[in-house]
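Beneath this line is the structure, given in structure tokens, with notes to follow.
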Amino acid sequence: PKYFNGIIGPKGKVIKDIMAQNGGVLVTFPKDKNSHTVTIRGDRADVDNVKALLVKLANEKALNSFTLEVPIKKQFHRFIIGNKGAEINKIKESTGVRIIFPMAQDEDADTVTIIGKEASCGTARDAILARVKELENIVESNVDVPSEFQRHFFQKSGEVLKNLTDEFGVVIHFPREGETVVVRGGTELVPQAVARIQEIVEDLKAQISKTVAIPAEHHGFVVGAAGKNVQRLTAEHNVSIKFPKKLTKSTS
């Protein structure tokens with residue numbers, strides 16, 4: 001029982017997080033302060049996972065009983081967590097702490113809870129605050145990309161868009177409708193990314209199309225084995241070459 005409060009966490013944050021991450025199982029702590037029995041109800045696999053986790057947490061409480069609450073604006077949470085938790089997992093793995101972000105229904109939506117050894121909690125807090133400082137320098141800028149050119153950025157599995165995000169370290173959001181593209185990132189990098197997008201758009205506007213008559217029986221020779229001839233031409237001259245689809249002869 002002396003570990004119950006630590007496992008439940010401030011305002012129930014820890015146990016709520018555990019239940020949410022394990023299929024929504026129901027964990028009930030006994031009202032009798034002398035009882036050691038905690039009830040877990042849900043799918044068998046989820047129940048087994050939570051049981052093992054609670055035992056692990058109880059053991060950890062003997063060593064790690066420090067809790068640190070850090071006020072972090074909610075707007076920064078998803079960037080601190082990262083894609084599929086990649087960023088926050090780095091901090092967890094390097095410090096060995098448990099980091100809990102508030103849920104949507106929590107009243108204190110700006111409070112991040114860190115649990116672990118006191119020194120490790122301080123290290124994790126410093127890492128998170130350093131990331132927040134970076135995020136506070138992030139700006140947004142809009143750039144118009146005509147609808148007919150937007151598909152260019154998503155060709156070849158989004159190669160152009162990926163190259164832009166990798167080169168400038170920005171996040172680029174294309175609209176479902178309309179022409180306004182939002183670029184978000186560092187104060188120095190966003191203008192550079194916007195300028196590059198505008199450059200690409202101007203290049204697309206300047207492009208023309210020409211039709212070349214080539215007898216169908218020669219298409220294979222021009223294309224080359226596995227398309228090597230065409231690939232060489234497109235790479236050397238920065239053009240796009242399209243051949244007509246083969247027509248199937250109809251039988252009467």
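General remarks:
- Filtered residues of the range 9-28 (kept if closer than 15 Å to residue 39 by Cα, open to solvent by 20 Å² or more (accessible area, probe 1.4 Å) and in a helix (DSSP H, G or I)): 16, 19
- Tally of residues being farther than 14 Å from residue 152 by Cβ and open to solvent by 50 Å² or more (accessible area, probe 1.4 Å) across the range 214-238: 17
- Residue ranges of helices (runs of 4 or more DSSP H) in the range 141-213 with at least 1 members open to solvent by less than 80 Å² (accessible area, probe 1.4 Å) and polar (S, T, N, Q): 147-150, 155-168
- Any hit, the range 76-84, residues being on the phi > 0 side of the Ramachandran plot, modelled with pLDDT under 90, surrounded by fewer than 15 Cβ atoms within 10 Å (Cβ to Cβ) and not in a loop (DSSP other than H, G, I, E, B): yes
- Scan of the range 52-75 for residues that are modelled with pLDDT under 85, surrounded by fewer than 17 Cβ atoms within 10 Å (Cβ to Cβ) and not in a strand (DSSP E or B), ordered by number: 58, 59, 61, 62, 63, 65, 75
- Single condition residue 209 does not satisfy, out of (1) within 33 Å of the chain's Cα centre (by Cα); (2) polar (S, T, N, Q); (3) within 18 Å of residue 151 (Cβ to Cβ): (1)
- Top-ranked residue in the range 122-159 [being among the hydrophobic types (A, V, I, L, M, F, W, C) and at pLDDT below 90; ranked as farthest from residue 68 (Cα to Cα)]: 139
- The single condition among (1) part of a helix (DSSP H, G or I); (2) under 22 Å from residue 7 (Cβ atoms); (3) at pLDDT 90 or above; (4) out of contact with any helix residue (DSSP H, G or I) (no Cβ under 8 Å at 6 or more places or on another chain) that residue 92 does not meet is (4).
- Summed over the range 89-129, residues that are of a type outside the set (Val, Ile, Thr) and open to solvent by 50 Å² or more (accessible area, probe 1.4 Å) total 17.
- Among residues of the range 31-51, those that are assigned to a loop (DSSP other than H, G, I, E, B) and at pLDDT 90 or above, counted: 4
- Members of the range 178-217 that are in contact with a Phe, Trp or Tyr (Cβ under 7 Å, 6 or more places away or on another chain) and more than 30 Å from residue 136 (Cβ to Cβ): 201, 204
The values are calculated or read from the model by the stated rules, or taken from the named source; none is laboratory data. Just so we're clear, the structure is a prediction, and the values are computed from it rather than from any experiment. Glycine gets a Cβ as well: all are built from the backbone with ideal geometry, and neighbour counts include every protein chain shown. Just the protein is used for accessible areas: all its heavy atoms, side chains included, with ligands, DNA and RNA removed. Shrake-Rupley method; radii C 1.70, N 1.55, O 1.52, S 1.80 Å.
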